[in-house]
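Worksheet for the structure shown next.
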Amino acid sequence: MDQIKIGKFISSRRKEQGLTQRQLAEKLAVSDKTISKWECGNGLPEVSLMLPLCEVLSISVNELLCGERIVNDDYKQKAEDKMMELIKERNENKKKLILSAVMAFITVLSSCILVMVSGLSTEFTTLTRIGLIVSAVVIIICGIACAVALEFDAGKYECRKCGHKFVPTVTEYVNGAHTITRRHLKCPNCGKKSWCIRRLG
């Protein structure tokens, strides 16, 4: 989805309705910073806010997701296109997670082999052993960095407190305690920390 296009569409519809960002925010019970974030293309309204937002702006959800007004003749085609786009995005996010897991596994395996070879072989000099261990450390750092980069933008995290979906900053992402599907993050909407679940689509 084109967040920039959707943001501009929200902005233009808000202005056509004669509303300020604050007035729109009050109608939706969110902060005006949230409205600004949407209009700047830095995020999308969470699912629970889409219908209320569309009602206020006098548009359909399909028009919101397309970022433009749709005439009746094009409505069905646009809806199908949008559905296919969402399915494609979900599949791409799954592929990123699988690639990330494979890369992490290969990184750990190859590093362990290097360390074992350096320790078990009696023919290597001390300098060669140090070189192998340093290589293993470099492989681990680079491999994990690549795995994190792949996984980072695969989907969004959903706050358990308010249901807001967001993408954390790189620092928050790296520092946050996590399991396979959840990460302990601070929600930018409600400001509370919780075990946010990853949503792929």
field: Candidates Val137, Val102, Val117, ranked by Gaussian network fluctuation over the chain, Cα under 10 Å, top entry
entry: Val117
statement: Once phi for every residue in region 170-181 is put through the Karplus expression 6.51 cos²θ - 1.76 cosθ + 1.60 (θ = phi - 60°), the whole-Hz ³J(HN,Hα) values, with Gly and Pro written as x, are 4, 4, 4, 5, 5, 7, x, 4, 8, 10, 5, 10
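Filter the GluC sites (Glu not before Pro) in region 110-201 down to the DSSP loop ones having no more than 16 other Cβ atoms within 10 Å, then list what survives.
Details: sites: Glu123, Glu151, Glu158, Glu172; in loops: Glu123.
Here the GluC sites (Glu not before Pro) that fit, given the DSSP loop and packing criteria, are Glu123.
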- prompt: Could you give me the ³J(HN,Hα) list for region 13-21, computed from phi with Karplus coefficients 6.51, -1.76, 1.60 and θ = phi - 60°, whole Hz, x at Gly and Pro?
  reply: 5, 4, 5, 5, 7, x, 10, 8, 4
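Taking 28 Å as the cut-off for C-alpha to C-alpha distance, list the pairs among Lys27/Lys161; Lys15/Lys193; Lys5/Lys165; Lys15/Lys95 that go past it.
As for pairs spanning more than 28 Å Cα to Cα, those are Lys15/Lys193; Lys15/Lys95.
Values quoted throughout were computed directly from the atomic coordinates according to the rules given, and no laboratory measurement underlies them. Just so we're clear, the structure is a prediction, and the values are computed from it rather than from any experiment. Don't worry about glycine lacking a Cβ; one is built from the backbone with ideal geometry, like all the others, and counts go over all protein chains shown.
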